[in-house]
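These notes are about the structure you will find just below.
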Amino acid sequence: MSDEAVLERGDAALIARTARGDAGAFEALVDRRSPSLFRYLRALARDEAAAEDALQETFLAIWKNAGGQRTGADARAWMFTIARNALFRLQRRRAGEPDDFTPLEALGGDAGWGSELSPEHIAVVAQQRRLLAAALESLPEADREVLLLRDVEGFSGEETAAILGMTLANAKTRLHRARLRLAAEMKRRLER
Amino acid sequence: MKGEREAGGVRCGEVLAVLSDVIDGTVDARMRLRVEAHLRECGACARFGGAFGAMIAALRESLAAPDAVDDGTRERLRRIARS
């Protein structure tokens, strides 16, 4: 079983004990999951204070609603969905964003697809954590969010779609376009 | 795309469209074989696909370990269950 799968099973057990009022289990959940939840909220909000408020609201909701979480392999996805909703509620934002109609070939071209020049610089830049993080942070919110969930936090395609409240097909489309824009952003930074 | 070609039964644009599915292992077997055949013949797509995959791998690895929240924040969160 993978490390994450072991943790996932532990999350479900901690949530079940939290639902029975076990403060120790709740505190263990805080210790275990607050780092990744805070990273997600901070990257999504791009505002440290808003992310802290949303993190507080997230764990308040987890404490109150643990009894409503069905046991199974989606405990972590449930927590991230709560976090997302908490942030959007605090910021009073709509959950969706306008569709992006930029042709895929245009996104690919920006990223170096079809170029006579070698696109290896994308991979080279990707090795530099600082530049990669900066490139990710500069993307639109919808792009950051799907990349954070799918590639950074490692949720499956189905879990990512469930957290975002969209179909799997839409989530996969959003992910691919986000990855292309990330590649274009890194290409642009390297060419500065 | 300038110079777009067909190889392995698919065009460069079609390979671009399914590249994430190929990297994530979610493309159907028939398309995967076609893409692999295309990449054997099309150097531009092979180079871009390799770099794109390396970028995704680097994203997954380099940002995998989140920083801990500061002690004050963690203590406020833990107190939720004691209030």
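The values are calculated or read from the model by the stated rules, or taken from the named source; none is laboratory data. None of the values given here were measured: they were computed from a predicted structure. No Cβ is skipped: glycine too gets one built from the backbone with ideal geometry, and neighbour counts run over all protein chains shown. Please note that ligands, DNA and RNA were not included when accessible areas were found on the heavy atoms of the full protein model with its side chains. Shrake-Rupley method; radii C 1.70, N 1.55, O 1.52, S 1.80 Å.
So B:Arg79 passes all but one of these: (1) in a helix (DSSP H, G or I); (2) surrounded by 14 or more Cβ atoms within 10 Å (Cβ to Cβ); (3) more than 7 Å from chain A (Cβ to nearest Cβ). Which condition number does it fail?
(2)
Within the range B:6-17, is there a residue that is closer than 26 Å to A:Arg129 by Cα, facing chain A (nearest Cβ under 9 Å), in a helix (DSSP H, G or I) and open to solvent by 40 Å² or more (accessible area, probe 1.4 Å)? Reasoning before the result, please.
From the range B:6-17, those closer than 26 Å to A:Arg129 by Cα are B:16; that's our starting set.
Okay, now just the ones that are also facing chain A (nearest Cβ under 9 Å), so B:16.
Going one step further and asking which of them are in a helix (DSSP H, G or I), we end up with B:16.
So of that shortlist, the ones also open to solvent by 40 Å² or more (accessible area, probe 1.4 Å) come out as none.
No.
Answer yes if at least one residue in the range B:49-60 is of a type outside the set (Lys, Arg), surrounded by fewer than 12 Cβ atoms within 10 Å (Cβ to Cβ) and either at the interface with chain A (Cβ under 8 Å from one of its Cβ atoms) or part of a helix (DSSP H, G or I) (or both), and no otherwise. So that I can check it myself, show each step before the final result.
Let us first name the residues in the range B:49-60 that are of a type outside the set (Lys, Arg), namely B:49-59.
Among the residues that remain, those that are also surrounded by fewer than 12 Cβ atoms within 10 Å (Cβ to Cβ) are: none.
No, the range B:49-60 contains no residue that is of a type outside the set (Lys, Arg), surrounded by fewer than 12 Cβ atoms within 10 Å (Cβ to Cβ) and either at the interface with chain A (Cβ under 8 Å from one of its Cβ atoms) or part of a helix (DSSP H, G or I) (or both).
What residue, among those in the range A:136-153 that are more than 16 Å from B:Ser20 (Cβ to Cβ) and without any contact (Cβ under 8 Å) to a residue 60 or more places away in the chain, is nearest to the other protein chains (Cβ to nearest Cβ)?
By that ranking, first place goes to A:Ser138.
Conditions tested, residue by residue: (1) of a type in the set (A, V, I, L, M, F, W, C); (2) within 22 Å of A:Leu41 (Cα to Cα).
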site	(1), (2)
B:Glu4	no, no
B:Ala29	yes, no
B:Glu36	no, no
B:Ala68	yes, yes
B:Leu77	yes, yes
B:Arg82	no, no
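Spot the failing condition for A:Val30; the list is (1) without any contact (Cβ under 8 Å) to a residue 40 or more places away in the chain; (2) of a type in the set (A, V, I, L, M); (3) open to solvent by 20 Å² or more (accessible area, probe 1.4 Å), and only one is missed.
Failed condition: (3).
A quick yes/no check of all residues on (1) open to solvent by 10 Å² or more (accessible area, probe 1.4 Å); (2) at pLDDT 90 or above:
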| site | (1), (2) |
| --- | --- |
| A:Ala51 | no, yes |
| A:Gln56 | yes, yes |
| A:Ala61 | yes, yes |
| A:Arg70 | yes, no |
| A:Asp74 | yes, no |
| A:Trp78 | yes, yes |
| A:Ala83 | no, yes |
| A:Gln91 | yes, no |
| A:Ala95 | yes, no |
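How many residues are open to solvent by 40 Å² or more (accessible area, probe 1.4 Å) and either part of a helix (DSSP H, G or I) or small (Gly, Ala, Ser) (or both) when one looks only at the range A:134-155?
Applying the first criterion (open to solvent by 40 Å² or more (accessible area, probe 1.4 Å)) to the range A:134-155 yields A:137-138, A:140, A:150, A:154.
Then keep just the ones that are either part of a helix (DSSP H, G or I) or small (Gly, Ala, Ser) (or both); that gives A:137-138, A:150, A:154.
Result for the range A:134-155: 4.
So for the range B:31-48 (the condition being modelled with pLDDT of 90 or more, over 30 Å from A:Gly24 (Cα atoms), open to solvent by 60 Å² or more (accessible area, probe 1.4 Å) and in contact with a strand residue (DSSP E or B) (Cβ under 7 Å, 6 or more places away or on another chain)), does at least one residue qualify? Before the answer, list the steps.
So the first thing to find is which residues in the range B:31-48 are modelled with pLDDT of 90 or more, and the list is B:31-48.
From the residues that got through so far, the ones that are over 30 Å from A:Gly24 (Cα atoms) too are B:31-48.
Subsequent filtering for residues that are open to solvent by 60 Å² or more (accessible area, probe 1.4 Å) retains B:32-34, B:36, B:40-41, B:47.
Narrowing further to those that are in contact with a strand residue (DSSP E or B) (Cβ under 7 Å, 6 or more places away or on another chain): B:34, B:41.
So far as the range B:31-48 goes, yes, one or more of its residues are modelled with pLDDT of 90 or more, over 30 Å from A:Gly24 (Cα atoms), open to solvent by 60 Å² or more (accessible area, probe 1.4 Å) and in contact with a strand residue (DSSP E or B) (Cβ under 7 Å, 6 or more places away or on another chain).
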